[in-house]
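Read the structure below first, then the notes.
The values are calculated or read from the model by the stated rules, or taken from the named source; none is laboratory data. Just so it is clear, the model here is predicted, and its values are computed rather than measured. Glycine gets a Cβ as well: all are built from the backbone with ideal geometry, and neighbour counts include every protein chain shown.
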Amino acid sequence: MRRSESIRLAKEAIAARRAQNVENWERRIAEVSAKVPEFREIDRALAATGTKIFAASLNRENREAELEAVRSEYEALSARRRRVLAENGYPDDYCDIRYTCPVCSDSGYVGIRMCDCLRKEIVARFLESSGLYALTETQTFDTFSLDYYEKDNKKLMEQNVEILKRYAESFEVGTSPSFLFLGATGLGKTHLSSAVARAVIEGGHYVVYESAQGLFGEYEQRRFGNRSFGAAEDEGDTERFEDCDLLIIDDLGAEITNQFTVSCLYHLLNTRMIRKKPTVISTNLTHDELRKRYSERITSRIFGEFHPLLFSGYDVRMQKIRRGQ
């Protein structure tokens, strides 16, 4: 899903929330109006004050006096309406509109500033579209444990965690670097990748997480659709890999490597470097294995542009199995 699509869905969710709250409000008013004639008369009188305010605002000579008179009338009618509601067994605020977010009245904005409610909705959509929603529920910086690392390995991993925390907190497109996570399986590369992703998303950035196998599979589907790398993406599939603020490629080397996948990788990395958009790659391969599989041109570009982080220790998954966790 593209960034624009995620934002559109978030705004639609806020708009739907507002529409539902307005519908509920109108239903409560209709309910009381049908049962309490006096309330119905008061509600009509309140509605008429809007026209009176408009008329008073056009009066240049006595504008302030007329507006004050209408305000006083409105306050008196509102107080009377609350009293009538209470006298008929309803809460006195039963017919007030109840917004989910009283700060912005479910509009998503306070003036021209985006409200926190819309920002949170966008973050949720970004998480959904990132490809790791389930992972980010459990794999965060707070849940990453150093108990499975010892001595020098523990010191190294402590440094990695601190580096990545600072990276996520200060992430900015155009200035933040790219990272290459190197190390054997089960050492926390995926956990810290998802932790970085969640923190960066919560900072308001668009992140896409995909396994190397899934990423190249989508490029393969695009090829069979007879679309070139520069073509527009009607379905918005592979375009998100090139346009997102941060791309995380998990387990590079686990895919079936051929001339096509090598070409895809070079195109993707080159495109993102030109656009100054950071990428995080995790792999179980060594430097020599990367060079043999992806050519010197790609390997030299990765090691020249990416900051390598070494993950070392003993397979955490196996340790958990042995401990019965």
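The residues of the range 243-256 that are under 13 Å from GLU220 (Cβ atoms) and touching a Leu at 6+ places or on another chain (Cβ under 9 Å) amount to a single one, GLU255. In the set (1) aliphatic (A, V, I, L, M); (2) in contact with a Lys or Arg (Cβ under 8 Å, 6 or more places away or on another chain); (3) under 30 Å from GLY186 (Cβ atoms), VAL70 fails one condition alone, (3). Exactly one residue out of GLU158, GLU210, GLU172 is over 14 Å from HIS307 (Cβ atoms), acidic (Asp, Glu), crowded, with 17+ Cβ neighbours inside 10 Å and assigned by TED's automatic domain parsing to the domain that holds SER145: that is GLU210. Checked against (1) modelled with pLDDT of 90 or more; (2) out of contact with any strand residue (DSSP E or B) (no Cβ under 9 Å at 6 or more places or on another chain); (3) β-branched (Val, Ile, Thr), ILE112 passes all but a single condition, namely (1). Does PHE311 fit the bill of being under 23 Å from GLU172 (Cβ atoms) and touching a Leu at 6+ places or on another chain (Cβ under 8 Å)? Here the answer is no, as PHE311 does not meet what is asked. Take the range 77-119 and flag every residue that is of a type in the set (Asp, Glu) and either within 16 Å of GLU26 (Cα to Cα) or not in a helix (DSSP H, G or I) (or both). Within the range 77-119, ASP92, ASP93, ASP96, ASP106 qualify. Number of residues in the range 69-122 that are acidic (Asp, Glu) and either closer than 30 Å to ALA13 by Cβ or touching a His at 6+ places or on another chain (Cβ under 8 Å) (or both): the value is 5.
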